[in-house]
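FYI, it's all coordinate maths here, none of it is from the lab. Model, not experiment: these values are computed from the prediction. Cβ: placed from backbone, ideal geometry, glycine included. Neighbour counts: every protein chain shown.
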Amino acid sequence: MIPAVTPRPRTGGDAVLEALEREGVDVIFGYPGGTIMPFYDALYGHPMRHILVRHEAGAAFAAGGYARTSGRVGVCCATSGPGATNLVTGLVDAMMDSIPVVAITANVRMALMGTDGFQEADVCAITQCTTKASILITDPGQLYTKVREAFALARSGRPGPVLVDIPTDVLKAPYVPEQHPPRKVNDVKPVATQESIKAAADAIRNSHRPVAIAGGGAREPRAVKAFRELCALLGLPHTTTICGLGASDPNDVHGLGMLGMHGTKASNLTVHTADVVLAFGMRFDDRVTGRPDRFAKGATIVHNDIDLSEFNKIIPTDIMLHGDSADTIKALIAELKTGHIPRFDDWAVQAKALGGPLPSDESKDGHLSATDFLDQLVASMPSKSIVSTDVGQHQMWTAQRFKPNTPRDFCTSAGLGSMGFGFPAAIGACFANPGRPVFAICGDGGFQMTMPELATVKRYQVPVKIVLIDNRNLGMVRQWQELFYDERYSATNLSDNPDFGTIASAYDIEAFRISGPEDAPSVLAAFLAYSGPALLHVSCYPDELVWPMIPAGGVVEDLMESRT
């Protein structure tokens, strides 16, 4: 006779799980440990999917990739001490780029807090300045409510990461049903005043050389639609920051490409010579402005952002449009339609002519040029592809070439520039977008930081296509050493890289290799035709540089297009 199974008593871990269910969470990226075991016990047999990564940093980056490419909140979890601190880089990345992520960590039991107990870390203090909020829950009766409030906060206003830390004894405590509904998080979006909207419309009507810029704050679908409508209405030359890539209609002939240090020549010169700059949802990052006192110095700056702290932080604002980008642009369009609607097609043609084709280094001694290969890759990608990049030269080359249909189709660590991001973020993108092609374009340096996530790809058969640009160098650092440090190449040589194809094969992941220009077309075609997860190892010329380039802290006049 088989003995009856006694039902497991419900605990605080179940309350957390219920809150996640109510928030519509379908995937959690995490790694278990001692203090978070009560939550994992609640997960046992539950239909909510847990993805076991091989490092907590991978969990945070995957949650970020999930959120960036779906618009939904990404979720990661980790145990106390090193588990929680390993999430920090991914949380900073989400904070810098305004990405909604909720991280759930466990801590030592309350009696041990403050005693330097085993694997104790004050993760709320550590993450206080790297998240929108860090919430410590010590009352089991508040678990359901506080976790749900964390999601509301992550989504509200300017999105961002929220950390919830729970002592293990609170997770073990008997389940307490919902006592009160979650406190309503104030998500009343600011609205730009009609006076400021009218001033912006008047500035446009009185201008001769206006240009529009879309930043990360304009990547929400409603804002993208409005931005494209405004540009089409006026025949407006326009550009984007790296976070805003995809806001511009890829078929709009007046689109100038990316702005900034490695942006197109046309974008940078157009902004430099503009008399009105319409900046939507951007924060005037130093990689975009260079020297702030020389940025668009002859232009009236019309700045829109949802975050009041961004105005006059770096670039003085002439007309402040404090509000949600979608609502602000729609209001501006409505105001323009009440009177004369100017057209700037002739100026847009002139703006486009300020640039030219992207400069690139030539391949040498039979080596493959990374830019030549990326041109082939981008031209061959299936429709509706999502691209995630790591950080460095390949990131800039890809951002210059890939034309995403929407901002959610391009995923990169922009503000923080964290190496190791691209591969796990692509894994998150696969879970957020089942059925869509997802490419992780990585460098040989960054890929090795999170390479163990190959085990995650193997276990779950994640259909990610990994494109490894191997130039046997920390390429971007080497580029700066060549151009600005008299070719003193310190700690950037990666000539002893492993055989990445062999490593992929060890995880039962199909591997392809391109060794030279003659291999590229056929091997690329085979790689793209393969139906499962695969790695393409692309051996490239090691000395190729990213052009154009405006040196850090420089001005448009310093723009470089070659070594000489």
Under 5 Å, built H, 5+ apart or other chain: amide partners of ALA212: HIS238, THR239, LEU278
Calculated P(r) tail over 23 Å for region 117-198, as whole % of Cα pairs: 37 percent
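Which net charge results when you count Lys and Arg as +1 and Asp and Glu as -1 among the other residues whose beta-carbon is under 14 Å from that of PHE512?
Net charge in that neighbourhood comes out at -2.
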From the C-alpha gyration tensor of region 370-552, square roots of 5λ in Å: 25, 18, 16
Nonlocal amide H pairs with HIS367, under 5 Å, H built at 1.01 Å: none
Rounded tilt (10° steps) of 422-432 against the dominant C-alpha axis of the chain: 70 degrees
Neighbour net charge for GLN142 - beta-carbon separation under 14 angstrom, K R +1, D E -1: -2
Global geometry of region 12-172, whether rounded, prolate or oblate, following the gyration tensor of its Cα atoms and the 1.5 cut on a/c: rounded
Summed residue charge, Cβ within 9 Å of LEU494's Cβ, Lys/Arg positive, Asp/Glu negative: -2
Estimated FRET transfer efficiency (ASP275, LYS403; beta-carbon r; R0 41 Å; 0.05): 0.90
For region 259-264, Karplus couplings with θ = phi - 60° (6.51, -1.76, 1.60), whole Hz, Gly/Pro x: 9, x, 3, 10, x, 6
Positive-pole candidate from HIS46, LEU374, LEU559, dipole of the chain, charges at beta carbon: HIS46
Integer Hz, Karplus 6.51/-1.76/1.60 couplings in order for region 148-160, x for Gly and Pro: 5, 5, 4, 5, 4, 5, 4, 8, 6, x, 7, x, x
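Give me the dipole magnitude in Debye, nearest 20, for the chain about the Cα centre, with unit charges on the beta carbon: positive for Lys and Arg, negative for Asp and Glu.
Charge dipole, the chain, about its Cα centre: 1400 debye, nearest 20.
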Flagged links, alpha-carbon separation over 19 Å, of LYS146/LYS172; LYS225/LYS313; LYS265/LYS403; LYS198/LYS337: LYS225/LYS313
Along principal axes, Cα extents of region 194-353, largest first, whole Å: 38, 35, 30
Amide proton proximity set for VAL464, modelled H, under 5 Å, gap of 5+: ALA534
Phi-based couplings in Hz for region 91-106 (Karplus 6.51, -1.76, 1.60; Gly and Pro marked x): 6, 4, 4, 5, 5, 5, 9, 6, 10, x, 9, 10, 10, 10, 10, 9
Global form of the chain, assessed from the alpha-carbon gyration tensor, a/c cut-off 1.5: oblate
Between region 118-156 and region 293-365, the Cα center-to-center distance that results, in Å: 37 Å
